[in-house]
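Structure, as structure tokens:
Bear in mind that the values in this text are calculations on the coordinates, not laboratory data. This is a predicted model, so every value here is computed, not measured. A quick note on method: Cβ atoms are made from the backbone with ideal geometry, for glycine too, and the neighbour counts reach across all protein chains shown.
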Amino acid sequence: MSPKKRRRLYFAVAVVVAAGGAAWLILSALKDNVIFFRSPSEVAALHVEPGVTFRIGGLVATGSVAHGSGAEVRFTVTDNKDRVPVVFRGVLPALFREGQGVVATGALDASGTFQATDIMAKHDEKYMPPEVVQALKKSGEWQKGAQ
């Protein structure tokens, strides 16, 4: 092999190694920013570890909303199969109410209660977050005509 071809080969190998390293760095950095969506049934089935941030979605169970001291609100998220208790400290969206779709971001504590840091509610009478619709369909609890 001539010296010119050898230099080209070394250069090509160096470019491939550098591109692979850059791709690995990017993917490992993004992994920390991915927040997974889970339904109450998935939370129960997967035994999600306390402290792992994720989104939970479903319906606010009827009769479950209780206002505590200050801005604390306790409620239950259900997919009509399983239920997860949620605690949120802050101002709820104006459209938040029982029986409607909700997506909350946060993590489970050691007792299995979801400590929410952010709550998102539906937009209008017919809207339900797509993640909630998929979770309800997956659990077999989707009601036709809702969307």
The Rg/Rh figure for the chain, Cα atoms and Kirkwood Rh, to two decimals is 1.28
If the label point is 7 Å along Cα→Cβ of Val91, which residues in the stretch 61-80 have backbone nitrogen under 13 Å from it?
71
Summing -39500 (n - 2.57) over every DSSP H run of at least 4 residues in the chain and dividing by its residue count gives a helix-only mean residue ellipticity at 222 nm, to the nearest 500 deg cm²/dmol, of -10500 deg cm²/dmol
Could you tell me what percent of the DSSP beta bridges with both partners in the chain are antiparallel, to the nearest 5?
80 percent
Label points 7 Å out from Cα along the Cβ direction at Arg7 and Ala23: separation in nm?
2.8 nm
Pseudo-spin-label distance Leu46 to Thr62, built 7 Å along Cα→Cβ, given in nm, is 3.0 nm
Please check: in the Gaussian network model of the chain (C-alpha springs, under 10 Å), which one of Pro40, Pro85, Pro130 has the largest mean-square fluctuation.
Pro130
Any chance you could count the Lys pairs in the chain whose alpha carbons are under 27 Å apart, treating pairs 8 or more apart or on different chains as valid?
12
Taking the Cα centre of the chain as origin, sum charge times position over the Cβ atoms of Lys and Arg (+1) and Asp and Glu (-1), and report the length of that vector in debye to the nearest 20.
1220 debye
